[in-house]
Amino acid sequence: MAVHIGDVFDKLTVIEKTDERDNQGNVFWLCKCECGNNNVKVRGFALTSGKIKSCGCMRKQRAKKMGLNN
């Protein structure tokens, strides 16, 4: 599955393709999270595989719900 500007993956919306690549040549995409974080850099395969679903806000919400926050 290809990634395109405007695509939505869970809480992340793709807003820009960056010039950055990891050591394996995977492209990084700049995304906006539903929580308002506009600076989320994610590898394309992490978006399409569902490995990354948010900027981290979902993890924080889950921890808070379970009483694990400090």
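The values are calculated or read from the model by the stated rules, or taken from the named source; none is laboratory data. These numbers were taken from a predicted model, which means no experiment stands behind them. Here the Cβ is made from the backbone with ideal geometry for all residues, glycine too, and neighbour counts use every protein chain on show. The accessibility values were calculated without ligands, DNA or RNA, using every heavy atom of the protein model including side chains. Shrake-Rupley method; radii C 1.70, N 1.55, O 1.52, S 1.80 Å.
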Cβ charges +1 (Lys, Arg) and -1 (Asp, Glu), total dipole of the chain, debye: 480 debye
Taking C-beta distances below 4.7 angstrom as the pairing criterion, name the unpartnered cysteines of the chain, in sequence order. Cys31
Taking amide hydrogens as modeled 1.01 Å from N in the peptide plane, which residues meet the under 5 Å criterion relative to Arg43, leaving out close sequence neighbours? Trp29
Heavy atoms of Ile52: accessible area, 1.4 Å probe, square angstrom to 10: 60 Å²
With every protein chain left in place, what is the accessible area of Arg62 in Å² (1.4 Å probe, nearest 10)? 130 Å²
Where Met66, Met1 fall by accessible area, highest first, once all protein chains stay in place (1.4 Å): Met1, Met66
Mind checking which aspartates and glutamates have their Cα closer than 14 Å to the Cα of Lys51? Skip sequence neighbours fewer than 8 apart in that chain. Asp10
Can you send over the solvent-accessible area of Lys32, 1.4 Å probe, protein chains only, in Å² to the nearest 10? 100 Å²
